[in-house]
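Encoded as structure tokens, the structure appears first; notes follow it.
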Amino acid sequence: MEDQTITELERTYAPFIRRDVYSGGKIPFSEIALLAIALFTIVPIRLIIGMWLIWVYYIVCRLCTWFWDLDRCFLVGWRREVVVRVGRFLCRVFMFVLGFYWINEYYAILHEIKDEKGGFHEELERPGVIVSNHVSYFDILYHMSDSFPSFVAKVSVSKLPAVGLISKCLGCIFVQRETRTSELLGVSGLVTERIEEARLNRHCPIVMIFPEGTTTNGDYLLPFKTGAFLGGAPVLPIIIKYPYQRFSPAWESISGVPHAFLVLCQWINYMDVIKLPVYYPSENERRNPQIYANNVRKLIAHEGKLIFSDSGLAEKRDYLAMLRSPWEADCIFPSTLIDNKDE
């Protein structure tokens, strides 16, 4: 009975369990030596250059938004052209500085043609939204370097120094997630409206949404929320994976400071990106956003060789709570079970 409970819990929390060199509790001496060397060599260089890049881009955004009210409308014309081109370039440089020296991009060729005029046939209709699996905050940097989309973010982000202005230049959709008042019931409608505008207006930044709603360890795919699919607009599916040998860049159950430190100390970080064709929904999918979301999820899981999981943000919070209580976590997940799962 106890073994059954452990197996069931381990399956529930599998998308959030780390299995890299640093997740076993005892770090090998060789890894400690590598961390020490990196701490006094590449880490200071990466920090200095990273801060400098953010500062340079902040200045560019400040100059391009001079006499422009970003609270009323997104950038257009030469202002957006400069912000986008410089932003894409600096984001790629930033990723290079962090060890992503090359990014392997693959363009999947799908021959399946769905009935009811849904699937991957040629149309001139522009996708209004990019949907992607979510593994790390580096996902955002990559998408900024690639297509420079707008994101859905908390209102508090818009008030942060430097980051606030940059997020406004991205055309981010700011929502208040902490409270549920009557005036905030239209968040889904606001996102759908922006997606539709991006589909019809090429000057409007395309929207980037992570339908899972949280990050995983990169091996699993959580259930999709329907926000990106409510309007029935075509979507552009993208899959991001992080192959690793020592430390996994996935940000699922490790806290922010240790994660950032270990990323900075890792000499090389790897990223694979699979770009799928624009997915045009069938009439049935347009009428039923849940069916639309499920079908796109199946496609991403199949092409990315990801494992389906029924877990979500609630299970992730439970798992994080257990990690904060070592005694409880050890009672439910014996360390040998977690450390040797892949053996």
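The values are calculated or read from the model by the stated rules, or taken from the named source; none is laboratory data. Given the structure is predicted, the values throughout are model-derived calculations rather than measurements. FYI the Cβ positions are ideal-geometry reconstructions off the backbone, even for glycines, and counts take in every protein chain you see. Each accessible area value is taken on the protein alone, full model and side chains, heavy atoms only, with ligands, DNA and RNA left out. Shrake-Rupley method; radii C 1.70, N 1.55, O 1.52, S 1.80 Å.
Details
- A full extension of the chain between Val155 and Leu47 corresponds to an added length of 36.2 nm, given 0.36 nm per residue minus the alpha carbon distance.
- Of the residues His203, His143, the one with the largest accessible area comes first in the ranking His203, His143, computed with a 1.4 Å probe on protein heavy atoms.
- Whole-percent pair-distance distribution, where bins are 5 Å wide, for the alpha carbons of the stretch 129-276: 2, 9, 17, 20, 21, 17, 9, 5, 2, 0
- Inter-label distance for Arg72 and Tyr101, nm, one decimal - labels placed 7 Å from Cα along Cα-to-Cβ: 5.0
- In nm, spacing of pseudo-spin labels at Val257 and Val56 (7 Å Cα→C-beta vector): 3.0
- Overall Cα dimensions of the stretch 1-101, principal axis frame, Å, largest first: 66, 39, 20
- Histogram of C-alpha separations across the stretch 258-326, 10 Å bin width, %: 14, 26, 33, 20, 7, 0
- The stretch 64-111 versus the stretch 267-327: alpha-carbon centroid distance in Å: 24
- Computed across the stretch 18-74, the Kirkwood hydrodynamic radius from all distinct Cα-Cα pairs reaches 15.2 Å.
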